[in-house]
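Below is one structure, written out as structure tokens; the observations come after it.
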Amino acid sequence: MRHILLLLLLIFLCIFRIEAQRNIENQAKLLLEKNKFKEAISFYDQLIQKEAQAEWYFQRAICNFEINNLADAKKDLFTAQNMKLDEPKIWLYSARIAHAEENFKRAADYYKTYLKYISNNHKDRDMIRDMIKRCGSGLTLKYAAQYAFVENLGEKVNSRFDDFGAIESPNTLGKFYFNSNRAGSTGGMRDANGIKDDIYGSYYVDMYSIESNGGNWSEVQTLSQLLNGPQHDVIMDFSSDGSYMLYFKTRDLSRGTILLDSFYIESESQLLADSYFSPMVGELGDVYSYIFNDTTMVYASKREGGFGGYDLYITQKRNDQWIEPINLGPEVNSPYDEICPSLSHDGTILYFSSNNLNSIGGFDVFSSKFDYSSKSWRSAENLGLPVNSSENDLYFRLSADGRTALFSSDRKSSYGGLDLYLAYLKEQETSQLTFSPVLPFLFFNQAEVNELESDLLVIENNETNSQVEFVR
């Protein structure tokens, strides 16, 4: 009887151990599926400590890659491969790590190896072919002259979440506004349907501000709860004089309501922001706006008639009426996505992000110049390394003096997700010192363009001791 009881106890303990391990494995996989990579790693650590399985090493490698621990990700991939794990995605993540390290030749070889292991109708094939071509772009641009030096704004500003879309205040020198889905947001943690979920959810986006004083950044300040609410609240732009702000209220960051806040409250009825009426319709998926001189707006849209994906459009208010949006054409737009536009002050240089095949990887920052002789945009040029990276580089905006630019990137050197970066331009962008109330590419006829070219007044800028052009 004693032996039988002991046997039953051992069986019970064995079942309990197996069940406990299964629960840990299920929790690890669920966290991985919900993109809670940092939390998942602790569960994979427990599993591997008790029993080394190749699959767990591979899944932990994915988690480490996603939270930017490339060295640990490489170790786990190497271990899983040595344990003969039959998983083609080992080559995909090996490629992504090499790509992140700007080893474009090795990355391309790994991408090609991954192609050999997947079927001809596999959903990844087209994406992998595109990534191989982007590695080719990386090889070309790796040794090109640098447009700027870049610097992360640091952990005082950036978080391990997404920090993006920085906009310089038009009224306060050294003050900037940006968006973040960091811990403590007003909306809290929610699932894809907007339901509160403090375990597997993600923080919703709020609007924040920071100030720079002699190169030192202030503590991050959240904007008023009159602006930040339970949905995603994303700052889009300010009017030229700073009298109003446009922001985007949305549940999924792709469709929502564009609101206008004037910062002016006389009565309780003015506590709610007004809807902003223009050809840009947030409810239809128009996003990423840039306001030029209050009467002109550039934005991204997937509306029919474009070149594919998001295209950039421009619209202007004339006699209190918005003109029909104009597609900026094939020199700017492509079959891929063009987003996050901004214009130089003279309206002749357009900056935007695109994931076309001339990118290094993901979204890169491009620029296109307006050519007065041909009256059209020149072919867009990649700004190259280190402004761009193997990941996504977005929301590029020049400073008022044309010496620096702020942008966002989720490159693997970031603190996590998108970080705010400062680019120090090697040459001052003098197009920022030229102010034009009109845009040459929106004129209806040649006579108006000729008048614009001949109607420039040059004055001396006492602050910079450089010539600044104004257009009547």
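The values are calculated or read from the model by the stated rules, or taken from the named source; none is laboratory data. Given the structure is predicted, the values throughout are model-derived calculations rather than measurements. Here the Cβ is made from the backbone with ideal geometry for all residues, glycine too, and neighbour counts use every protein chain on show. What goes into the accessible areas is simple: the full protein's heavy atoms, side chains included, and nothing from ligands, DNA or RNA. Shrake-Rupley method; radii C 1.70, N 1.55, O 1.52, S 1.80 Å.
The figures follow:
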| item | result |
| --- | --- |
| The range 170-329 - convex hull of alpha carbons, volume per residue in Å³ | 156 Å³ |
| Neighbourhood net charge (13 Å Cβ-Cβ; Lys/Arg +1, Asp/Glu -1) for residue 332 | -4 |
| Karplus (6.51, -1.76, 1.60) ³J(HN,Hα), θ = phi - 60°, over the range 291-299, in Hz, Gly and Pro reported as x | 9, 10, 6, 6, 10, 10, 9, 10, 7 |
| Integer Hz, Karplus 6.51/-1.76/1.60 couplings in order for the range 240-251, x for Gly and Pro | 4, 8, x, 7, 8, 10, 9, 9, 10, 10, 8, 9 |
| Estimated FRET transfer efficiency when R0 is 60 angstrom, pair residue 257-residue 4 (beta carbons, to 0.05) | 0.30 |
| Tensor-based shape of the range 184-223 (alpha-carbon gyration tensor, a/c under 1.5 rounded, otherwise prolate or oblate) | prolate |
| Length added when fully stretched, residue 173-residue 27, from 0.36 nm per residue minus Cα-Cα | 47.7 nm |
| Helical mean residue ellipticity (222 nm; -39500 (n - 2.57) per DSSP H run of 4+; nearest 500) of the chain | -8500 deg cm²/dmol |
| Whole-number accessible area per residue in Å² for the chain, which is evaluated in the context of all protein chains at 1.4 Å | 51 Å² |
| Per-pair calculated FRET efficiency, R0 = 30 Å: residue 146 and residue 53 via Cβ, rounded to 0.05 | 0.10 |
| By average C-beta atoms within 10 angstrom, highest first, the peptides 322-331, 279-288, 162-171 | 162-171, 279-288, 322-331 |
| Positive minus negative residues near residue 100 (Lys, Arg vs Asp, Glu; Cβ under 10 Å) | 0 |
| Kyte-Doolittle mean at least -1.0, axial Cα span of 15 Å or more - DSSP H helices of the chain | 2-33, 37-50, 54-66, 70-82, 89-100, 125-141 |
| Relative contact order (percent, whole number), the chain, Cα cutoff 8 Å, 6+ residue spacing | 11 percent |
| Packing rank of 231-243, 377-389, 114-126, where each peptide gets the mean count of other beta carbons within 10 Å, highest leading | 377-389, 231-243, 114-126 |
| Dipole-positive endmost among 361, 349, 392 within the range 298-395 (Cβ charges, Cα centre) | 349 |
| Net dipole in debye of the chain [+1 Lys, Arg Cβ; -1 Asp, Glu Cβ; about Cα centre; nearest 20] | 2500 debye |
| Sequence of 413, 368 from largest to smallest accessible area, 1.4 Å probe | 413, 368 |
| Pairwise centroid distance, computed over Cα atoms, of the range 226-256 with the range 295-350, Å | 20 Å |
| Equivalent-ellipsoid semi-axes of the chain, from the Cα gyration tensor, Å, largest first | 47, 27, 20 |
| Förster radius 60 Å - calculated FRET efficiency between residue 317 and residue 84, Cβ distance, rounded to 0.05 | 0.40 |
| Estimated translational D of the range 45-137 in µm²/s (Stokes, Kirkwood radius over Cα pairs; 20 °C; 1.002 mPa s) | 158 µm²/s |
| Sulfur and carbon atoms: percent of accessible area, the chain [1.4 Å] | 51 percent |
| Hz values of 3J(HN,Hα) by residue in the range 365-382 - Karplus curve (6.51, -1.76, 1.60), Gly and Pro given as x | 8, 10, 9, 9, 9, 7, 9, 5, 5, 9, 6, 8, 7, 7, 4, 5, 10, 6 |
| Rg/Rh (Cα only; Kirkwood hydrodynamic radius) as it applies to the range 270-378 | 0.98 |
